[in-house]
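Written out below as structure tokens is the structure these notes cover.
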Amino acid sequence: MEAWKFAVLFFCAFLGGTAIFLVKSDKSKLLKLILSFSGAYLFAITVLHLIPDAYSGTDKGEIGIFILIGFLLQIFLEQFSEGVEHGHIHKHQDGNLFPFGIMISLCLHAFLEGMPLAKDQHNELIFGISLHHIPAAFALASILMQNHFKKGSIIIYLLIFAVMAPLGFYVSIGLSNGTIGGIDAYFNKIMGIVIGIFLHISTTILFESSADHKINTRKMIAVLLGIGVALIGFFAGHAH
């Protein structure tokens, strides 16, 4: 039972969102640094681990197509999520209207990310997904707070978002052990879609959060740390 994976995926998202209740001042600079670190880490594990794994099967020729599908799918989802996956916080003037587009696309995004986790995946992927869900959950909570939702309602919606990646993980376990069906024939294709999503999210985080496309010293350090942590995990894994 991979209970710790469920716990990491769930609590990183949930606690990242509920942190909105502890913030008493503008923490946008800190959020940008966290985003830079998570974006760099996500990009690095995609290049170091996920892409080589996806191309290790017999359907190598089709993987690129599914990577493109994942990339385009993320573009489509962002038409509704408004970039919350990147930690973007937009001002909404809709009173108490619930941002259905943001919530649904964000939950679908998280569910898809949890799908490839059941079959022989590196722990780096668990941490990569969990890391980038922290600012996403924080941004979601911020939007709900701006729309004057009560604290209890915000917590409920955060719980729903936080459970989506573990739910995708749970479904993929059912597929991989035959409880729901067979995943072997589709696993690399699903991974290709997730790679496309990750490539879009990570590169968007790294480039669009920089004014005039210039990276300041703090952000460069955060980026290098993110890549460095991924490299440490990569070489440690190969050492064994």
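Looking for something surrounded by 21 or more Cβ atoms within 10 Å (Cβ to Cβ), farther than 30 Å from L30 by Cβ, at pLDDT 85 or above and out of contact with any Asp or Glu (no Cβ under 8 Å at 6 or more places or on another chain) - is there at least one such residue anywhere in region 218-225? No, region 218-225 contains no residue that is surrounded by 21 or more Cβ atoms within 10 Å (Cβ to Cβ), farther than 30 Å from L30 by Cβ, at pLDDT 85 or above and out of contact with any Asp or Glu (no Cβ under 8 Å at 6 or more places or on another chain). For region 30-59, a residue qualifies if it is within 15 Å of Y186 (Cβ to Cβ) and part of a helix (DSSP H, G or I), and the qualifying residues are D53, A54. Check region 60-75 and report whether any residue there is among the charged types (D, E, K, R), at pLDDT below 75 and assigned to a loop (DSSP other than H, G, I, E, B). Looking through region 60-75, none of the residues is among the charged types (D, E, K, R), at pLDDT below 75 and assigned to a loop (DSSP other than H, G, I, E, B).
Does I102 meet the test of being more than 14 Å from the chain's Cα centre (by Cα), over 21 Å from L199 (Cβ atoms) and either modelled with pLDDT of 80 or more or acidic (D, E) (or both)? So I102 fits the description; yes. Identify, please: which residue in region 147-174 is outside any helix (DSSP H, G or I) and open to solvent by 50 Å² or more (accessible area, probe 1.4 Å) and is, among those, modelled with the lowest pLDDT? So the residue we want is H148. Once region 175-199 is narrowed to residues that are open to solvent by 20 Å² or more (accessible area, probe 1.4 Å) and in a helix (DSSP H, G or I), the residue that is modelled with the lowest pLDDT is S176.
Select from region 6-47 the residues that are open to solvent by 20 Å² or more (accessible area, probe 1.4 Å) and under 25 Å from I173 (Cβ atoms) and write down the one among them that is modelled with the lowest pLDDT. So, considering only residues that are open to solvent by 20 Å² or more (accessible area, probe 1.4 Å) and under 25 Å from I173 (Cβ atoms), the one modelled with the lowest pLDDT is F6. Taking the numbered list (1) modelled with pLDDT of 85 or more; (2) crowded, with 19+ Cβ neighbours inside 10 Å in turn, H88 passes all entries but (1). Selection of region 59-80 for residues being within 13 Å of F198 (Cα to Cα) and open to solvent by 70 Å² or more (accessible area, probe 1.4 Å) yields L68, I69, F71, L72.
The values are calculated or read from the model by the stated rules, or taken from the named source; none is laboratory data. It should be emphasised that the depicted structure is a prediction, and the values quoted were computed from it without experimental measurement. Cβ sites come from the backbone with ideal geometry, for glycine too, and all protein chains shown count toward neighbours. Note: accessible area is taken over every heavy atom of the protein model, side chains too, but ligands, DNA and RNA are not part of it. Shrake-Rupley method; radii C 1.70, N 1.55, O 1.52, S 1.80 Å.
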